[in-house]
Every structure is written in structure tokens, then in C-alpha cells.
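Have a look at the structure below before the remarks.
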Amino acid sequence: DIATTTKSYIAVVITKPPETILVLLPTSSQQQSGSNDGRQQQQQEQQQQQQQPYVILDSHPRPQQLSPHYPSGSYALFHTNLMGLVASLKQIFPAVELGDDVPEMMAMMYNSFDVYPFRYRGR
């Protein structure tokens, strides 16, 4: 199964109209490690150096966002960790504060998004 082998990703399409982006997530087998003894800790450090990045692919320019990159056209943004990916997603899809006069369901609608995961299954 390709999702448990090295150098594989799960592709996730995230849509919050009118924005749509593609996020590539390394599979969990690449992001985890087992034991803490010296030899295995050294292997863990080597694996972390060889870890695949989290990637955002976007066709929209974001000249006012994603410091320090400020992409002026289509781009691929690479993150070495999940926290960096989350920070970028928060900039692309910020929460919208609509005020107390907007009904709760309406506010939820403005802050909702769709997520579609895809994984290659082979033949």
C-alpha cells in the first residue's frame, strides 16, 4: 500500500468558496518514530532530516499574505512541520467575525469549508 511506504502523500483539496487549495500531507509512517534508545534515536534524527515536507499548492496570488513569501502568482509552499502548515492555512482561510447581529447559523456558514482527501490505492 503506497500510503504506508516512504515518500508518499495524502492529497487534500480544501475549499472555502471562492478559494480552493491542494495540501499534500506526508503519510503518518513518515512522521512518526518508535523508541528512545540511542541507536533508534539516531535513526529517528536521520528520518527527520529526510522527512517529506507538508505542501500547499495554490493557484491564487497572495501578495498580502504568507509572510515572508508573499506569493505574487501560483505557488507551492513547503513546511517542515505541521504547525507551520496550520499557520499558513489560518492566513489563507481566516475566521470571519461577523458581529452579534448575525445569526449563529449564518456565521457558521461563513466559516465553514469542505475537505476532500485523496489517496492513491494502486492497482
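Relative to the current alpha-carbon distance between K90 and L22, full extension at 0.36 nm per residue lengthens the span by 23.0 nm. Figure note: I10, I92 ranked by solvent-accessible area, largest first, 1.4 Å probe, ligands and nucleic acids not counted: I10, I92. The residues neighbouring A76, those whose beta-carbon lies less than 14 Å from its own, together hold a net charge of 0 under the Lys/Arg +1, Asp/Glu -1 convention. For region 11-18, the Karplus equation 6.51 cos²θ - 1.76 cosθ + 1.60, evaluated at θ = phi - 60°, returns couplings of 8, 10, 8, 10, 10, 9, x, x Hz by residue, with Gly and Pro reported as x. With a cut-off of 15 Å between beta carbons, the residues surrounding E19 carry a summed charge of +1, where Lys and Arg count +1 and Asp and Glu -1.
Using a 1.4 angstrom probe and counting only protein chains, how large is the accessible area of F93 in Å², to 10? Taking all protein chains as shown, F93 has close to 40 Å². Using the Cβ of H60 as centre and a radius below 15 Å, the other residues enclosed give a net charge of 0, where K and R count +1 and D and E count -1.
The values are calculated or read from the model by the stated rules, or taken from the named source; none is laboratory data. Model, not experiment: these values are computed from the prediction. All Cβ positions, even for glycine, are placed from backbone atoms using ideal geometry, and neighbour counts span all protein chains on display. In case anyone asks, the SASA skips ligands and DNA or RNA and just uses the protein heavy atoms, side chains included. Shrake-Rupley method; radii C 1.70, N 1.55, O 1.52, S 1.80 Å.
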